[in-house]
Amino acid sequence: MGVSVAQPRGVGGWPTLRRIATLSVHTSPLEQPGTGDAGGMNVYIVEIAKRLAERGVEVEIFTRATARDLPPVVEMSPGVHVRHITAGPFEGLSKEELPSQLCAFTHGVLRAEAAHPPGHYDLVHSHYWLSGQVGWLARERWGVPHVHTAHTLAKVKNSFIAAGDRPEPKARVIGEEQVIAESDRLVANTDFESRDLITHYDADPARVSVVQPGVDLRRFRPGTRDRARFGLPEDGRIVAFVGRIQPLKAPDVLIAALAEMRAAGSRDVTLVICGGPSGSGLDRPTALIELAASLGVADSVVFLPPQTGADLAALYRAADLVAVPSYNESFGLVALEAQACGTPVVAAAVGGLVTAVRDGISGVLVDGHDPADWAKVLDRLLGAPGFRHRLAAGAVAHAAQFSWDRTAETLLRVYRDAVSEHRALIRARLEGASCAW
């Protein structure tokens with residue numbers, strides 16, 4: 001192993017962390033969230049990396065090159081670099097096909113580290129199970145601790161699978177079991193995810209740390225409503241869906257609910273669906289358009305491409321409600337971003353959404369995915385401006401409890417604890433070997 005056990009120590013005896021290797025095999029932090037495989041995980045990696053760098057910890061993010069003309073290294077922000085690793089064809093490779101390229105990706109990661117003196121990285125943090133497989137091997141080669149964040153879990157997803165969606169394959173389940181067993185620390189987004197790791201994967205509770213994601217409170221905040229920016233009716237009522245278009249996210253439930261609302265007499269409601277096809281949603285990219293037409297509500301559904309920065313915040317503010325009907329979410333950053341903008345959220349009572357939304361305070365949680373139930377909740381809230389106003393105030397207050405700065409500080413404590421224990425273990429082994437002589 002290449003680690004030195006006599007590393008400098010920081011304030012309070014904590015080890016000084018200089019450089020973290022972050023692994024994101026299947027999706028780049030430089031990609032636009034909301035389409036393909038880019039989503040909340042991308043946001044998480046970007047926001048955490050920037051804030052770690054602000055605290056003096058360099059971050060190098062390893063991801064797979066998806067175009068021939070990508071530079072080997074890109075400075076994403078001061079102290080944060082993205083390394084593009086060539087592994088398999090640049091285009092046309094789905095996430096499900098990536099396991100066949102993990103050896104090539106691992107080789108690229110290890111080669112990058114080998115160009116530096118031993119001890120270049122203090123820790124490796126992998127995101128999603130594919131990256132975890134690489135992180136497991138890097139940990140052994142570099143002699144550093146491995147921290148893993150699953151973001152989604154196959155066994156949990158298969159328990160809440162949408163009708164007609166493809167279950168996660170057995171190979172992924174086995175891969176997750178391996179990574180969870182071999183990681184020094186597991187980072188869960190919520191207490192619910194922590195219990196899932198322990199219950200479904202036999203994770204050691206002592207190695208599981210809950211670190212809640214955050215929201216950029218400088219970007220996502222209350223402001224002026226500007227519906228003209230998106231061509232939306234000024235005098236109607238707006239429900240917005242933001243996310244990747246796939247069965248897991250359940251935007252079809254909202255279209256069916258809109259049809260129910262129209263049948264009940266609510267004809268001034270517009271549903272905005274913002275995002276791009278992803279996962280099994282790529283099988284039929286026009287499915288939602290066809291569904292809206294078949295239910296007679298095509299004139300009340302507006303499709304928008306993924307939005308970024310100020311445009312995304314403006315879209316949240318333009319809506320009366322933001323709906324998150326997912327079958328499962330490890331957290332649900334969209335819900336938090338919308339609430340930070342002062343827009344109440346109607347969300348499915350699943351996974352991390354139970355934490356991201358305070359039922360009756362910042363929004364409303366819905367049991368199940370029956371369009372009739374969703375129609376009743378949406379119609380009730382749209383018809384109660386006073387209640388929505390109270391929820392809006394509660395939404396801002398609730399979101400204010402979450403910030404990426406807090407997330408970064410909590411994650412740093414997990415890192416330092418993992419490094420301290422890892423070095424102590426190595427020291428004990430070395431001392432044991434000396435005594436044996």
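The values are calculated or read from the model by the stated rules, or taken from the named source; none is laboratory data. Here the structure is a predicted model, which means the values were calculated and not measured. With ideal geometry, Cβ positions are generated from the backbone for all residues, glycine too; neighbour counts draw on all protein chains shown.
For region 94-128: of the residues being in a loop (DSSP other than H, G, I, E, B) and in contact (Cβ under 8 Å) with a residue 24 or more places away in the chain, which is surrounded by the fewest Cβ atoms within 10 Å (Cβ to Cβ)?
So, considering only residues that are in a loop (DSSP other than H, G, I, E, B) and in contact (Cβ under 8 Å) with a residue 24 or more places away in the chain, the one surrounded by the fewest Cβ atoms within 10 Å (Cβ to Cβ) is PRO118.
Hey, any hits in region 292-302 for a residue that's among the charged types (D, E, K, R), over 22 Å from ALA228 (Cβ atoms) and assigned to a helix (DSSP H, G or I)? Among the residues of region 292-302, not one is among the charged types (D, E, K, R), over 22 Å from ALA228 (Cβ atoms) and assigned to a helix (DSSP H, G or I), which makes the answer no. The listed residues are LEU254, LEU288, LEU321, LEU315, and the only one of them that is out of contact with any Pro (no Cβ under 7 Å at 6 or more places or on another chain) and touching a residue at least 24 places away in the same chain (Cβ under 8 Å) turns out to be LEU315. The one condition from (1) assigned to a helix (DSSP H, G or I); (2) surrounded by 13 or more Cβ atoms within 10 Å (Cβ to Cβ) that PHE402 does not meet is (1). From the set of residues in region 22-80 that are assigned to a helix (DSSP H, G or I) and of a type in the set (D, E, K, R), which is surrounded by the fewest Cβ atoms within 10 Å (Cβ to Cβ)? Here the answer is GLU54.
Go through region 72-122 residue by residue and tally those that are closer than 23 Å to GLU47 by Cβ and of a type outside the set (Ser, Thr, Tyr). Steps first, answer last, please.
Quick first cut of region 72-122, residues closer than 23 Å to GLU47 by Cβ only: 73-85, 95, 109, 121-122.
Add one more test, that the residue is of a type outside the set (Ser, Thr, Tyr), and what stays is 73-76, 78-85, 95, 109, 122.
Number satisfying all stated conditions: 15.
Mind checking which residues of region 124-147 are among the aliphatic types (A, V, I, L, M) and either out of contact with any His (no Cβ under 8 Å at 6 or more places or on another chain) or at positive phi (or both)?
First, pick out the residues of region 124-147 that are among the aliphatic types (A, V, I, L, M): 124, 130, 134, 137-138, 144, 147.
Of everything in region 124-147, those that are among the aliphatic types (A, V, I, L, M) and either out of contact with any His (no Cβ under 8 Å at 6 or more places or on another chain) or at positive phi (or both) turn out to be VAL134, LEU137.
Residue-level analysis places GLU60 outside the set of residues that are under 28 Å from LYS170 (Cα atoms), in contact with a Ser or Thr (Cβ under 8 Å, 6 or more places away or on another chain) and of a type outside the set (A, V, I, L, M, F, W, C). Within the set of pairs 6 or more residues apart or between chains, which connect a residue that is in a loop (DSSP other than H, G, I, E, B) inside region 262-276 to a residue that is among the aliphatic types (A, V, I, L, M) and surrounded by 22 or more Cβ atoms within 10 Å (Cβ to Cβ) with Cβ atoms less than 9 Å apart? Partner pairs satisfying both residue conditions: ALA264/ALA375; SER266/LEU258; SER266/ALA375; SER266/LEU378; ARG267/MET261; GLY275/VAL242; GLY275/ILE245; GLY276/ILE245.
Exactly one residue out of ALA393, ALA372, ALA340, ALA397 is buried (at least 20 other Cβ atoms within 10 Å of the Cβ), modelled with pLDDT of 95 or more and of a type outside the set (Phe, Trp, Tyr): that is ALA340. Whenever a residue of region 396-408 is charged (D, E, K, R), its partners that are at pLDDT 95 or above, lying with C-beta atoms within less than 7 angstrom and at least six residues away or across chains, give the pairs ASP405/ARG51; ARG406/GLY214.
Let's see how each residue does on (1) assigned to a helix (DSSP H, G or I); (2) in contact with a Gly (Cβ under 8 Å, 6 or more places away or on another chain); (3) of a type in the set (Asp, Glu); (4) buried (at least 16 other Cβ atoms within 10 Å of the Cβ):
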site	(1), (2), (3), (4)
GLY386	yes, no, no, no
HIS389	yes, no, no, no
LEU411	yes, no, no, yes
ASP417	yes, no, yes, yes
ARG429	yes, no, no, no
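In this structure, does PHE220 turn out to be aromatic (Phe, Trp, Tyr), modelled with pLDDT of 95 or more, under 29 Å from LYS376 (Cβ atoms) and part of a loop (DSSP other than H, G, I, E, B)? Taking the combined requirement at face value, the residue satisfies it. In a residue-by-residue description of region 290-312, the property of being crowded, with 24+ Cβ neighbours inside 10 Å and touching a Phe, Trp or Tyr at 6+ places or on another chain (Cβ under 7 Å) applies to no position.
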